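Novice: Can you keep this structure in mind? I'll have questions shortly.
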Amino acid sequence: MRHDVQLSRLAQALRRLFTRRRPEPVASTRELADFLAAQSAYVSQRTVLEYCRARTGLNWDKLFKEQAFVDSLEICRWEAYAAVLAEIAELVLIRLRSQGVTEVDACLPGLEEAARSALLRHPVPRHRTSWDEACADIERHLGRALLAEPRAVHFVGIGAADAIFDLLPIHPDLRPHDRTMFQNIVRFSLCR
């Protein structure tokens, strides 16, 4: 690559880095619910769809014409959303604790309400009768997170990744050694 092209790219990268605005801090339960919903949707959709696309390669467009695949993918995407939402809510708890918030127990009801709101803003998928079980799972997850010292953030997401991996609409014979890779994809996305 030519030297002047490298300098131009470096200048563009530095410009993007220095002009990037920090997001506004979350100031209400509604804003927290919006944040949880957006991040959960991004991580869950990205990890599921990218893995499926990578694993199926050039057959991706053909698989989307198969109704059985589309139905399984839809179940996986919604379950991934609920699982990732619990993990992101735990990351919020970890962040609060790392910032020195001493009354984290007092913050828990608001966080649970925000997570519930982030989940209930979506219609109940066809494979579920309600979101009640997922809401209860999130509350249990957050309750367990408060019982011990905060986990290191790079350990958050392993349980959700395993649950999602078991639901992926790719035949198990085609993904025998992919579980650890998928866990890392989810964990890196959550750390972002």
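The values are calculated or read from the model by the stated rules, or taken from the named source; none is laboratory data. In this text the structure is predicted, and so the values were computed from the model without any measurement. Using ideal geometry, Cβ is built from the backbone for each residue, glycine included, and neighbour counts are taken over all protein chains shown. The protein model used for the area step is the full one, side chains on, heavy atoms only, and it has no ligands, DNA or RNA in it. Shrake-Rupley method; radii C 1.70, N 1.55, O 1.52, S 1.80 Å.
Novice: Which whole-number percent of Cα pairs in the stretch 107-192 have a distance greater than 23 Å?
Specialist: 36 percent
Novice: Of the trypsin sites (Lys or Arg not before Pro) in the stretch 35-99, which ones lie in a loop per DSSP and count no more than 11 other C-beta atoms within 10 Å?
Specialist: Lys65
Novice: Now a separate question. Identify the residues of the stretch 61-102 with backbone N under 17 Å of a label point that sits 7 angstrom from the Cα of Arg151 along the Cα-to-Cβ direction, or state none.
Specialist: Residues 80-98 qualify, since their backbone N sits under 17 Å from the label point.
Novice: Quick check for you: with a 1.4 Å probe and neighbouring chains kept, what is the accessible area per residue of the chain, in Å²?
Specialist: I get 63 Å² per residue for this part.
Novice: Compute the FRET efficiency between Asp137 and Leu49 as 1/(1 + (r/R0)^6), taking r as their Cβ-Cβ distance and R0 = 35 Å, and round to the nearest 0.05.
Specialist: Calculated value: 0.95.
Novice: Same structure again: For the chain, modelled as a GNM with alpha-carbon contacts under 10 angstrom, which of Ala161, Ala152, Ala89 fluctuates the most?
Specialist: Ala152
Novice: Please compute one quarter of the surface area of the Cα convex hull for the chain and express it in square nanometres.
Specialist: Its Cα hull, projected and averaged over all orientations, spans 14.6 nm².
Novice: Determine the distance separating the Cα centre of the stretch 62-79 from the Cα centre of the stretch 113-192; give it in Å without decimals.
Specialist: The stretch 62-79 and the stretch 113-192 have Cα centres separated by 18 Å.
Novice: For the stretch 50-151, which whole percent of the accessible surface, found with a 1.4 angstrom probe, sits on carbon and sulfur atoms?
Specialist: 52 percent
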